[in-house]
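Pasting a structure below so you can have a look.
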Amino acid sequence: MKKTLLIIILSLTITIGIFADYPDGLGIGVKDSWGSTWVYGGGNGRGLGLSLKTPDLPFFCSIRLVIQKSYFSLAVSGDYYLYHNPLVPDINLHWYLGFGAEVGIGTEENKFSFGTGIRFIVGLSWQVEFTSFPKLELFLHLIPRLGVQFSPSFLFPYGGYGFDLGVRIWLDV
């Protein structure tokens, strides 16, 4: 029964992703990221990030860097959009829903930390098309996360949430 359920869930996930409607080509962007940890008294972090979507990969890649007085973190993630469909077609406003994975390292008050987890993503995307300029996308998304921290101590569950506000340029390649 468990194997059958797992096969059904994986099949639906792969099939639903076929209907994602994001632009073709190479997407390169920057984002302002804000995040917070919701367990064990974790802190907040705000940093800059880069976003990349290549035509050959079915997911969005991201890197985020937070540098504060006594805190540093670097996180890498990949997100697969299950849905990315028009919300208000007349103005090219889309919504999307997906999931992904992330891994991060950091230091806080001279303590090294390392963790990994899964993330869920829901957001809005406004795609603006120009006649002589590549397609421009403004996006805003919410990212709840759940994972495990391995260092400086083992913590499970470990998670939080984040927000990203960014812009991507889509280039035909």
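Rule-based calculations on the coordinates, nothing more; no lab input. Note that the structure is a prediction, hence the values are computed from the model and not measured. All Cβ positions, glycine included, derive from the backbone under ideal geometry; neighbour counts span all protein chains shown.
May I ask for the net charge around Asp79, where only other residues with Cβ less than 15 Å from the Cβ of Asp79 are counted and Lys, Arg are +1 while Asp, Glu are -1? Don't jump to the answer; show the numbers that get you there.
Numbers: positive: Lys31, Lys53, Arg64, Arg119, Arg145, Arg168; negative: Glu102, Glu137, Asp164.
Summing Lys and Arg as +1 and Asp and Glu as -1 gives +3.
Follow-up question, since we're still on this one. Under 5 Å between amide hydrogens, which residues at least 5 positions from Ser151 or on another chain qualify, with H placed 1.01 Å from N in the peptide plane?
Phe114
Give me the dipole magnitude in Debye, nearest 20, for region 42-118 about the Cα centre, with unit charges on the beta carbon: positive for Lys and Arg, negative for Asp and Glu. Provide the component values of the computation, followed by the final result.
Details: 5 positive and 6 negative charges, 48 e Å.
Once rounded to the nearest 20, the dipole reads 220 debye.
Would you work out the relative contact order for region 93-154, in percent, from Cα pairs under 8 angstrom that are 6 or more residues apart?
Details: 119 pairs, mean separation 21.8, N = 62.
Over region 93-154, the number comes to 35 percent.
Same structure again: Straight-line reach from Lys69: which aspartates and glutamates have Cα under 17 Å away, leaving out those fewer than 8 places along the same chain?
Glu108, Glu109
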